[in-house]
Amino acid sequence: MSVYVSGIGIISSLGKNYSEHKQHLFDLKEGISKHLYKNHDSILESYTGSITSDPEVPEQYKDETRNFKFAFTAFEEALASSGVNLKAYHNIAVCLGTSLGGKSAGQNALYQFEEGERQVDASLLEKASVYHIADELMAYHDIVGASYVISTACSASNNAVILGTQLLQDGDCDLAICGGCDELSDISLAGFTSLGAINTEMACQPYSSGKGINLGEGAGFVVLVKDQSLAKYGKIIGGLITSDGYHITAPKPTGEGAAQIAKQLVTQAGIDYSEIDYINGHGTGTQANDKMEKNMYGKFFPTTTLISSTKGQTGHTLGAAGIIELINCLAAIEEQTVPATKNEIGIEGFPENFVYHQKREYPIRNVLNFSFAFGGNNSGVLLSSLDSPLETLPAREDLKMAILSSVASISKNESLSITYEKVASDFNDFEALRFKGARPPKTVNPAQFRKMDDFSKMVAVTTAQALIESNINLKKQDTSKVGIVFTTLSGPVEVVEGIEKQITTEGYAHVSASRFPFTVMNAAAGMLSIIFKITGPLSVISTNSGALDGIQYAKEMMRNDNLDYVILVSANQWTDMSFMWWQQLNYDNQMFVGSDYCSAQVLSRQALDNSPIILGSKQLKYSHKTFTDVMTIFDAALQNLLSDLGLTIKDIKGFVWNERKKAVSSDYDFLANLSEYYNMPNLASGQFGFSSNGAGEELDYTVNESIEKGYYLVLSYSIFGGISFAIIEKR
């Protein structure tokens, strides 16, 4: 069976809906123009693909970020065009790709905090998270299901479509709504300007001058179904993610990672390179990217495969780039026409299958959409027309993952050289543990380590130890068979705040070019691929529910990419402003002690005799539910998972949950009563002196503490609504 595109929604600098965007795309309308940006006393003029008027949204969302408004508009159009009835589906997955999420709200809150405000409005702080947009989209439609907010910078929304397709094909959801969004932001404008990556003279010229990119903004969504009667726009055949393991910003010049995607997708689909009719390239307008692409396409694809980049019209929309360009691919299939690369200065040296200046009518069945990102993240999606004989890559056999090792940055592990200090707030009663530093292990290059931010250092040291304790020698492994799933609530918040503050003092053009690349959510994960030369798939999700949300993603990655291992890493970081965040969002200062924290598990499809086994997991996201609602939703999901595993609640010997993460929440209240409800103990009660706020201490505790053999329930929750859980067998 295939996965079909049933609905499309989009907003970009080319149009406020799919029809308008498509018309202006093929008309080669200019979507990039010069705009003025101001932050305190700093002024920047830059060519951008700006949406000049905010879309209309319901009254309750009038004060939301522009990024949310873009996402809401595209999400609603996609649902309306699909004609699906959400009430008819019982296992919906929302997969959203974004680089920034609510960072514009976070910047606003930071500047208020820096000016001395200690009671910034709680609603502004809620909007600041990367995952807030997905939470609100689900809440608007009262969706109870899974939410995966992927933040791999410029490949994020392409990766969201890949995950949604896999979840649907593997039977882990019955409807997938996939897309992405990003707005123009001060941090992106300042960072890319300081890197010297912006074309300051005109709209970017993909596959031409190499004078740089222009940033853009927008959002797009597709509704994916398996019901052929709802198919309207095309099929998703499959997708693949690879890592360069080369450099934090520059692509590997050989294009090996991108080439591997093309090779595997055509092989798995049972076709030849010549049967790819059109490629929508990443085509940013930088020499490093465009030269790599040109060489790769020339090596593998015949001149009958047409190629273009649409960023010359929309700009580079960061986390939204993948979905906007995937929708451009669907438009190309629908119109049987290749959109042109907008170029003003000449195309010397490029073969005739690069489409410039004018759209080209062409028979199109099979299309590749490429996206590449900081950290060496490469992503490709293969799409087909409805009349193509290709079918979505088949579902893979389910598997249970073994945990070969688990290491945490705060632990009894004497091999870790990590130091912490306890810090008390000077304006409220909260305390927290701060990462102070670490010595690089022998497996990490000291020169690389020195250049990293503290968040990446904490992650690198913890992961290195987990690899050592797993007894895997990566130098003897095919590292294309090793994947990385990284989960985080905060991301590298310290360096993000540092750049945002630097804009106010140094100006847009003078922020740290060496530190800016570490502001993206996937920087730490990308450094892992570079340090350990891992070239398999890598993805990052932003979540308040911790490592448990990463388990399902790790399983999808392992089974669909036929991996030997997946490294599951979860990490959070706090800053002084976090004290206010916890206060305003009603954390309990008597129970909650925050902490910088990282946990890393090496997962394998092959179990050792005594390896703990992850039998299954479930993610539940919802909003505004009562205690009784939460109890009903959770119990039904738990009973269903137990039934699938051939177990009953009586087989579970106990559960593991960190009660230190205490906030005003019906989810917390329910978990606090779990012992009474199911008549089983919380084995971790009183065992934690801190809360990582969702970075996986519960999973690490279950693996490493002396717990008798048997089945255990491991839990985490989101203060914004939702519980995630896994069933672990200790052997």
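Structure notes:
- Residues in the range 203-246 that are outside any strand (DSSP E or B) and of a type in the set (K, R): K226, K232.
- P253 vs. criteria assigned to a loop (DSSP other than H, G, I, E, B), closer than 27 Å to I484 by Cα and modelled with pLDDT under 95: yes
- The criterion of being within 30 Å of I719 (Cβ to Cβ) and at pLDDT 95 or above holds for S570.
- Condition met for N91 (in contact (Cβ under 8 Å) with a residue 12 or more places away in the chain and either more than 30 Å from G498 (Cα to Cα) or among the charged types (D, E, K, R) (or both)): yes
- Residue identified as in contact (Cβ under 8 Å) with a residue 40 or more places away in the chain and outside any helix (DSSP H, G or I) among G116, G101: G101
- Residue check for I649: closer than 27 Å to G145 by Cβ, surrounded by 21 or more Cβ atoms within 10 Å (Cβ to Cβ), in contact with a helix residue (DSSP H, G or I) (Cβ under 9 Å, 6 or more places away or on another chain) and assigned by TED's automatic domain parsing to the domain that holds H624: no
- Candidates G550, G594, G526, G536, filtered to the one that is surrounded by 24 or more Cβ atoms within 10 Å (Cβ to Cβ), within 21 Å of A128 (Cα to Cα), outside the structural domain of Q260 (by TED's automatic domain parsing) and not hydrophobic (A, V, I, L, M, F, W, C): G594
- Helices (runs of 4 or more DSSP H) lying entirely in the range 446-565 (those with 3 or more residues that are within 30 Å of A105 (Cβ to Cβ)): 454-470, 493-506, 523-531, 547-560
- Unmet criterion (only one of (1) in contact (Cβ under 8 Å) with a residue 40 or more places away in the chain; (2) out of contact with any strand residue (DSSP E or B) (no Cβ under 6 Å at 6 or more places or on another chain)) for K476: (1)
- Qualifying residue in the range 403-422 (condition: touching a Pro at 6+ places or on another chain (Cβ under 7 Å), surrounded by 15 or more Cβ atoms within 10 Å (Cβ to Cβ), among the aliphatic types (A, V, I, L, M) and farther than 26 Å from G238 by Cα): yes
- Filter result for the condition that a residue is within 30 Å of T462 (Cβ to Cβ), touching a strand residue (DSSP E or B) at 6+ places or on another chain (Cβ under 9 Å) and of a type outside the set (F, W, Y), over V602, V630: V602
- All positions within the range 603-626 that are surrounded by fewer than 13 Cβ atoms within 10 Å (Cβ to Cβ) and either part of a helix (DSSP H, G or I) or within 26 Å of the chain's Cα centre (by Cα) (or both): H624
- Among the residues of the range 526-544, those that are within 19 Å of N560 (Cβ to Cβ) and among the hydrophobic types (A, V, I, L, M, F, W, C) comprise I534, L538, V540, I541.
- Hits in the range 71-103 (condition: more than 19 Å from N159 (Cα to Cα) and within 15 Å of the chain's Cα centre (by Cα)): G102, K103
The values are calculated or read from the model by the stated rules, or taken from the named source; none is laboratory data. In this text the structure is predicted, and so the values were computed from the model without any measurement. Every residue, glycine as well, gets a Cβ built from its backbone with ideal geometry; the counts of neighbours run over all protein chains shown.
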